[in-house]
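Scroll down for the structure; my scribbles are underneath it.
The values are calculated or read from the model by the stated rules, or taken from the named source; none is laboratory data. Computed from a predicted structure; not experimentally measured. Because the Cβ atoms are built from the backbone with ideal geometry, glycine has one as well, and the counts that use them run over all protein chains shown.
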Amino acid sequence: MAENVWILGIDMTRFGRHKDKDTLDLGSEAALGALRDAGVGIGDIGVLAAGNLIGGNGFGQLLQKQIGQTGIPVYNVANACATGATALRVVVMAIKSGEVDTGLAVGVEKLSGAGLLTGNARKEEGGHWVRDGRYGAVAPLDGRVGTEIMPGVFAQIGMEYGYKYGGVDFELFARISEKNHAHSTLNPKAAYQKRFTLDEIMNDVMIAYPNTRPMCSANCDGAAAAVLVSETKLRTLSLEQQRRAVKISASVLTSDPWTEGCQVLPDINTLTRRAATTAYEQAGIGPADLDLVELHDCFATAELVHYDNLGLCEPGGAADFFRSGATWRDGSTPVNVSGGLQSKGHPVSATGIANVWEVATHLRGEAGPRQIEGARVGLAHVIGLGSACGVHVLERAAA
Amino acid sequence: MSRMPLVDYLVLDDEPHLVAAECTACGARYFDRRSACAHCGGVEFGSADVPTEGVLTTFTIVQFAAAGVEVPFVAGVVDCGGTSVRGNVVNTPPDPEHVTLGMRVRLTTVPVGTDSAGIEAVGYGFEPV
């Protein structure tokens, strides 16, 4: 039986615009914060997993050159929006394998002002048509054969749920966004902490129906980092460190198995269902045991389908589940009490560790005014399109 | 030749239609050039004509796109007799009153442009039945 793995220290920067800080400043801030929170130094770290998609190659080594070149192995990881969760997962695997007892995972992104992600500007056309790529396309397909922009892709994912099960409309999706923006007002680390009325959300700029601007995740700057230890190592540390440690009772990463149509519109459901099922098995819990969930609401339309994918509701029952009020912070399964990606922000590679930070902070009872009282078990979920799904189940240390 | 298809899987004959690469082992269908079957690992493919009528199973109305892409347009997925196809919904106003989940649509051709040799590229979309 492999060792249990615990979060010893974890930190995230404020998400938002950090004009005077570069990728390394933000990454260092989160990493040093996590080390301080853990009560260990860089010399105690046996492995580093680092994620950064935009900043170029070798981020992990560049980070070491700021915070400590100790010669340990570095894994630079990339898995789209699941990059942070992947970094965490790499450290979990390294500790479970027994090769190291302490590791550091870091994710950081500078995305302020990045605009729409993917959907490339269309080049000048003219000259001769030439077949190109695996479709033999003579011209760019974005806009001619569907859309490649993320708000449009995820809009279709939410609408597809409506086609299958009914009961879904523009207002429902807008109400999900209303919830997350309301939650964000209690989170000082969120990029946007403004409550919007339903009317404001529905009448804002339409990006890709039914996603208006506030229903889309906010591009911003931010970093998050975590120090993980084996249970054996944890038992050698101080009582205070043990008290604040958070158990990783499940750590799962999946990719998308083939399903009909999955290469036409990404199927983000099947891999999330598999990850969730495996995670509940590993943790020995069920969705009813969760005191809070941070899930990947990159768009309001995505949050809806993940209620179902994570088993928070009956199959096909996500719309009714949301309408019951269950996912508001005073409901039976609070979802995205951080404000979610729509208001907290989505600095891609940081997101999968920041979600874990949010859950861990509640389990430690340190979430201040937005604390979910008595939280014992929580789940953090991310999706990177392409696709990768990370699910982590966390548990408070026994008192 | 004065016309050519926007993509290899569009056939421009008297009755324009789409053709999928179908795995001979498991029947999984694809529209791109294949190395192998992502479902079963098979490496032999036949070609299968895709029905030209189907049901719109999802859509979005894109209002804000990359530079050079005309908006608004309707992007969606059509279930053509069990084969999912990506495409735009055309020849109807791009609003939620005219485009609805479950609506029946059929394949139609859409002009893309003409190159310097006078060859017209032709794409496809789906229009309400």
Can you tell me which residue in the stretch B:18-34 is nearest to the other protein chains (Cβ to nearest Cβ), limited to those that are hydrophobic (A, V, I, L, M, F, W, C) and exposed (fewer than 15 other Cβ atoms within 10 Å of the Cβ)?
B:CYS26
Of these, A:ALA226, A:ALA155, A:ALA139, A:ALA174, which one is closer than 29 Å to B:THR108 by Cα and either more than 11 Å from chain B (Cβ to nearest Cβ) or at pLDDT below 95 (or both)?
A:ALA139
Among the residues of the stretch A:170-199, which ones are over 23 Å from the mean Cα position of the chain (by Cα) and surrounded by fewer than 14 Cβ atoms within 10 Å (Cβ to Cβ)?
A:GLU171, A:THR197, A:LEU198, A:ASP199
Starting from residues that are free of Cβ contacts under 8 Å to residues at least 24 places away in the same chain, closer than 19 Å to A:LEU265 by Cα and not small (Gly, Ala, Ser), keep the ones in the stretch B:35-62 and report whichever is farthest from the other protein chains (Cβ to nearest Cβ).
B:CYS37
Out of everything in the stretch B:78-107 that is free of Cβ contacts under 8 Å to residues at least 24 places away in the same chain and more than 8 Å from chain A (Cβ to nearest Cβ), what residue ends up being farthest from A:GLY146 (Cα to Cα)?
B:GLU97
Taking into account only those residues within the stretch B:15-33 that are part of a strand (DSSP E or B) and touching a residue at least 24 places away in the same chain (Cβ under 8 Å), which is nearest to the chain's Cα centre (by Cα)?
B:LEU18
Return the residue satisfying two criteria in turn: it lies in the stretch A:112-136 and is closer than 28 Å to A:SER343 by Cβ and hydrophobic (A, V, I, L, M, F, W, C), and of such residues it is modelled with the lowest pLDDT.
A:LEU117
Mind checking which residues of the stretch A:290-334 are outside any helix (DSSP H, G or I), crowded, with 24+ Cβ neighbours inside 10 Å and free of Cβ contacts under 8 Å to residues at least 60 places away in the same chain?
A:LEU312
What about A:VAL359, is it in a helix (DSSP H, G or I) and within 15 Å of the chain's Cα centre (by Cα)?
yes
